[in-house]
Structures are given as structure tokens and as C-alpha cells.
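J.: Please see the structure below; I have some questions.
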Amino acid sequence: MSDILSKIKKANLVGRGGAGFFVAEKWLSVAKALESKSADNKKCFVVCNAAEGEPGVMKDGCILEHYAARVIDGIKIAIDFLSAERAFLYLNYAYHKKLNKKLASLIKDAKIEIFVKPINSGYIGGEESAILNAIEGKRIEPRLRPPFPTTSGLWGRPTLINNVETFYNVSLVAAGQFKNTRFYTISGDCPFEGVFELPDNLTVEKILKQTDNFPKFPFFIQVGGNVSGEVFNAKQLKRPASGAGAITVYSRAKNDFKKVVKNWLNFYVNESCGQCAPCREGIYRLRDVFMKEKIDWRLFNDLLDNLSDASFCALGAAAAVPIKSLIKNVYHEKN
Ligand code: SF4
């Protein structure tokens with residue numbers, strides 16, 4: 001086993017993109033996919049996902065702003081490990097505008113190409129397989145899986161996709177400086193909004209307390225982004241926040257239940273890529289049912305379940321998460 005792979009394995013490094021895969025396993029599956037190819041067919045690619053399109057999540061932007069050299073170093077380590085043809089740094093438009101010069105000066109003549117996320121690609125433009133389509137110049141929508149990108153990604157070649165925070169940590173592991181921290185964006189009705197680097201094993205409650213953001217008023221929170229995160233009430237905070245990336249605080253007085261759900265539904269109506277009916281039609285119908293004076297809860301819940309169970313990609317399932325958890329943990333707690 002290569003030196004860097006054993007270091008990553010020993011560090012138990014988990015990917016910071018949300019799915020929680022062990023990084024060593026992902027890297028190994030790309031390497032294994034390459035092994036099965038003939039000697040003249042061993043082309044592969046690396047992609048760093050810096051799309052960060054979820055409202056309320058700004059941690060990757062913060063890492064790029066303050067630790068760009070680490071991120072570029074982590075990408076170079078992956079290129080070397082796989083002898084990759086090239087890496088793409090898939091960067092959202094705002095980060096590109098702000099950081100392009102700095103990143104280009106760090107990349108110099110390394111085999112890393114900055115690819116700007118198409119401005120009209122929306123939320124789905126950050127989904128792993130839609131990113132591959134974007135780079136290949138195809139319609140930006142999710143791909144059917146399997147095959148997974150590790151075996152058949154860019155132009156059908158094995159492709160390693162990790163996000164910014166993961167490459168940052170790979171660089172720290174290689175340098176012997178990895179301390180298993182996580183970056184959290186904290187926002188909403190709290191005094192100290194921002195991005196915080198904290199130990200991996202903290203509960204949501206501890207994170208809010210350590211950053212002086214624990215509310216002194218009736219509240220609920222959303223863990224994992226403003227539109228796809230799960231919602232919890234104030235008695236449910238002793239849970240680990242690992243992998244969440246963001247915590248949003250909502251004052252109960254300032255956030256009407258109906259307005260919050262309507263905002264989420266409006267977001268998803270606009271962002272659905274339209275490829276599958278449970279999401280394209282389902283979210284539209286959900287909003288319709290929800291906006292009636294008297295809500296048909298049975299129909300509403302059926303549509304939500306269908307969205308969770310039958311959507312083609314993770315975006316559809318993710319759309320149901322905040323709504324279901326808000327109803328279960330906050331609405332029913334209050335009424
Ligand atoms: S769930 Fe379906 S319509 Fe919604 S974004 Fe994914 S593929 Fe597109």
C-alpha cells in the first residue's frame with residue numbers, strides 16, 4: 001500500500017462532502033478500477049468539488065480563502081497517487097470571482113484546471129454526477145448510478161471526486177498535522193454567525209455553546225444546510241453534528257412555520273432539474289397543497305413519501321428531509 005494511502009487509512013479520514021465515505025476506500029476503489037484496465041488505457045481524473053451551492057453553507061469558501069495552499073496540495077497528492085491525467089477544480093462563480101488569481105498562482109504549472117460551475121446550473125450543478133456532465137459539456141443533470149464515478153466518471157474513466165475540505169485534510173494528513181477537525185457554518189438568529197473549525201466529536205449543543213451561539217429564547221435548529229438539513233427542537237441537541245457542515249438557528253418568534261416551509265418549497269420548485277416526475281411534479285403539488293387554507297395532510301404526507309422514496313437523485317430525497325423533520329420535531333411539539 002502506498003505511503004499516503006496508509007497514512008489516510010491510519011487517520012480514519014472520512015470525506016467531508018456529506019456522504020461520509022472513508023477517503024482511503026474511495027481512493028482505493030479508483031486505483032482498483034485502474035488496475036483492471038490495459039496498460040495503454042489507464043487514464044483517470046481527479047475532481048475537487050468546490051460548488052458549495054447549499055444556502056447557509058460557506059465552509060468550503062472559507063477554507064479556500066484561508067487555506068487554499070493546503071487544498072491545492074491535497075489535489076496534487078491525489079494526482080500523484082493515481083498518476084491522474086488531470087484534475088479539475090470545480091469552482092462556484094462567486095468563489096472564482098474572489099479567488100481565481102490566488103488559486104491560479106498556487107496551481108502554477110500543476111495539472112489542475114479551474115472549471116467554473118456554469119452560472120445557470122443551479123443547485124443541481126453541485127451534485128457529483130451532474131458535475132461530471134458539466135465538465136463534459138453535457139446537459140447538467142444527475143447520472144444514473146451505478147456505474148459510480150470511481151469506475152466510470154469523466155469521459156467514462158475512473159474519477160476521484162472529493163470536496164474542498166477533504167483535500168484540505170489530505171494535505172494535513174500527509175504533513176502529519178491532521179487533528180480531525182470539522183468546519184461548521186453557523187448562521188440564522190444567533191449573535192456570532194460565521195465559519196468555525198472545531199473538533200469532530202462535538203454535539204450540536206456543544207458547538208452552539210462553544211461559539212456563544214446557544215439561544216436564550218425559544219428556538220429550533222436545522223443541521224446540515226438551510227434547505228436540506230434536518231430540523232430539531234431545543235431538547236434534541238445532544239446529538240453528534242459530524243458531517244453536518246452547517247447549523248442554522250431559528251427563533252420561534254421570528255419564523256412562522258408556514259413561511260419556513262413555503263420558502264423551502266419555493267426553493268425546490270425553482271431548483272428541480274425536471275428529470276424525474278416525483279421531484280418535478282411532486283414538489284410543485286406539495287406547494288399547492290400546502291398553500292391551501294385547509295391543508296390535506298394525508299395527501300401532503302403521501303407526496304412527501306413519494307419524494308423521499310422515488311426521486312431519481314439525492315436532491316428530491318433531500319427536499320423531504322427538512323419538511324418531515326420540522327413537522328415531526330417542531331410543529332407537533334408545539335401544537
Ligand atoms: S430528484 Fe429528479 S428532478 Fe429532482 S433534481 Fe434529482 S433528477 Fe432532477
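J.: Apply the a/c threshold of 1.5 to the C-alpha gyration tensor of region 91-131 and tell me whether it is rounded, prolate or oblate. It would help to have the intermediate numbers written out before the result.
T.: Details: a/c = 3.68, a/b = 1.73, b/c = 2.13.
Verdict is oblate for region 91-131.
J.: Would you give the gap between the C-alpha center of region 125-139 and the C-alpha center of region 8-35, rounded to a whole Å?
T.: Here the two parts' Cα centres lie 21 Å apart.
J.: May I pose another question? Stokes-Einstein at 37 °C, 0.692 mPa s, Kirkwood radius from Cα pairs: D for the chain in µm² s⁻¹? Walk me through the numbers before you get to the answer.
T.: Details: Rh = 21.0 Å.
D, rounded to a whole number, is 157 µm²/s.
J.: Please go through the residue pairs LYS26/LYS179; LYS97/LYS324; LYS9/LYS42 and name each one whose alpha carbons sit more than 27 Å apart in this structure.
T.: Working: LYS26/LYS179 21 Å; LYS97/LYS324 37 Å; LYS9/LYS42 24 Å.
Beyond 27 Å between Cα atoms: LYS97/LYS324.
J.: Could you calculate the contour length gain from LYS101 to GLU293, that is, 0.36 nm times the residue separation minus the distance between their Cα atoms, to one decimal place in nm? Numbers along the way, then the final one.
T.: Values: separation 192, 0.36 × 192 = 69.12 nm, distance 5.24 nm.
Length difference between fully extended and current span is 63.9 nm.
J.: Looking only at the chain, where both bridge partners belong to it, what percent of the DSSP beta bridges are antiparallel (to the nearest 5)? Intermediate values should be presented prior to the final figure.
T.: Details: 17 of 37 bridges.
Here the antiparallel bridges make up roughly 45 percent for the chain.
J.: Pull up all non-local amide H partners of GLY188: gap of 5 or more, or a different chain, and H-to-H distance under 5 Å with H placed in the peptide plane.
T.: Counting only residues 5 or more places away or on other chains, the set is VAL249.
J.: Also: Would you mind working out the magnitude of the charge dipole of the chain relative to its Cα centre, with +1 at each Lys and Arg C-beta and -1 at each Asp and Glu C-beta, to the nearest 20 Debye? Mind dumping the intermediate values first?
T.: On the way: 47 positive and 35 negative charges, 56 e Å.
Roughly 260 debye, rounded to the nearest 20.
J.: Would you pull out the residues with amide H under 5 Å of VAL116's amide H, same chain only if 5 or more places away, H placed 1.01 Å from N?
T.: Answer set, sorted by chain and number: LEU91.
J.: Taking every DSSP beta bridge that has both residues in region 66-208, what percent is antiparallel when rounded to the nearest 5?
T.: On the way: 6 of 11 bridges.
Beta bridges within region 66-208, antiparallel portion: roughly 55 percent.
J.: Which ³J(HN,Hα) values in Hz, rounded to whole numbers, follow from the phi angles of region 206-216 under the Karplus curve 6.51 cos²θ - 1.76 cosθ + 1.60, where θ = phi - 60° and Gly and Pro get x?
T.: Each residue of region 206-216 in turn: 5, 4, 5, 6, 5, 9, 6, 10, 6, x, 9 Hz.
J.: Then there's this: In region 248-321, what trypsin sites (Lys or Arg not before Pro) fall in a loop by DSSP, with at most 12 other Cβ atoms inside 10 Å?
T.: Numbers: sites: ARG252, LYS254, LYS258, LYS259, LYS262, ARG280, ARG285, ARG287, LYS292, LYS294, ARG298; in loops: ARG252, LYS254, LYS292, LYS294.
The qualifying sites are LYS254, LYS292, LYS294.
Values quoted throughout were computed directly from the atomic coordinates according to the rules given, and no laboratory measurement underlies them. Being a predicted model, the structure only gives us computed values, none of them experimental. Cβ atoms come from the backbone with ideal geometry, glycine included; neighbour counts cover every protein chain shown.
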